[in-house]
Amino acid sequence: MSTPDPTPPGDSPPAIRVLVCEDQALVRTGFVTILSAQPDMVVVGEAADGRAAIRSAEELRPDVIVMDIRMPLLDGIEATRHLAGPGSRSPAKILVVTTFNIDEYVYEALRAGAGGFLLKDASPPELIDAVRTVARGESLLAPAVTRALIGRHAERIRPSAVPASPERERLSLLTPREVEVLRLMSDGLSNAEIAAALVISHETVKTYVSRILTKLDLRDRVQAVVLAYRTGLAGEGGRT
């Protein structure tokens, strides 16, 4: 199902075009109702299974896809991998919304290319803010969630005992301060918390994060945290 785009009045920025992918009709309708009520958003389509999600995304080119994990025909992880994975020519911005807190499915969805995730028991304002965050190209992982998610799967993504791995060598592109910021990111600290820890401004932290992503050719904060664990940087004591 699709909805024509509204014409923003005056000089207002274009509305965020959202595709809602959820197999439970009641939940899907709730998401659509909440998001459609926002002046800066328009729901351009809905999908009830993974295959329909891919077709709708490729046809409608939404700014953000709200993706459930457990759906018929094709699950949300595979749909996310198809739309935002390494082989995607134009990776979609995907917000995974799930009932499962920090489980294998969520981890795999993030690895598949999702920009972040939210639990289905989140409040409407949290859902709205999450969509806006992902639309800006920012990843959405609360600090506590980052610690729990990556910490739980750390053994799977930590490197074997090979100190000079290609990924570890990539860190040499960073300045000592950027390495410290990356380490704090991997500890689950928000930008504000990093700013407080390093006694620098919030804007300076944002600049460091942007430089880290650019230098390491990473899409978002999620990939940066995973890289920090893979290289063994996460959890190291002291400063580089």
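The values are calculated or read from the model by the stated rules, or taken from the named source; none is laboratory data. Predicted, not measured: the structure shown is a model, and the values here were computed from it. All Cβ positions, even for glycine, are placed from backbone atoms using ideal geometry, and neighbour counts span all protein chains on display.
Summary table
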| quantity | calculated |
| --- | --- |
| Of all residues in region 162-203 being among the small types (Gly, Ala, Ser) and over 27 Å from Ala109 (Cα atoms), the one that is modelled with the lowest pLDDT | Ala164 |
| Options Glu58, Glu78, Glu108: the member that is outside the structural domain of Val225 (by TED's automatic domain parsing) and surrounded by fewer than 18 Cβ atoms within 10 Å (Cβ to Cβ) | Glu58 |
| All positions within region 1-25 that are modelled with pLDDT of 90 or more and either of a type in the set (Asp, Glu) or not in a loop (DSSP other than H, G, I, E, B) (or both) | Ile16, Arg17, Val18, Leu19, Val20, Cys21, Glu22, Asp23, Ala25 |
| Close pairs from region 175-190: first closer than 14 Å to Lys215 by Cβ, partner surrounded by 19 or more Cβ atoms within 10 Å (Cβ to Cβ) and among the aromatic types (Phe, Trp, Tyr), Cβ under 6 Å, at least 6 apart | Glu178/Tyr208; Val181/Tyr208 |
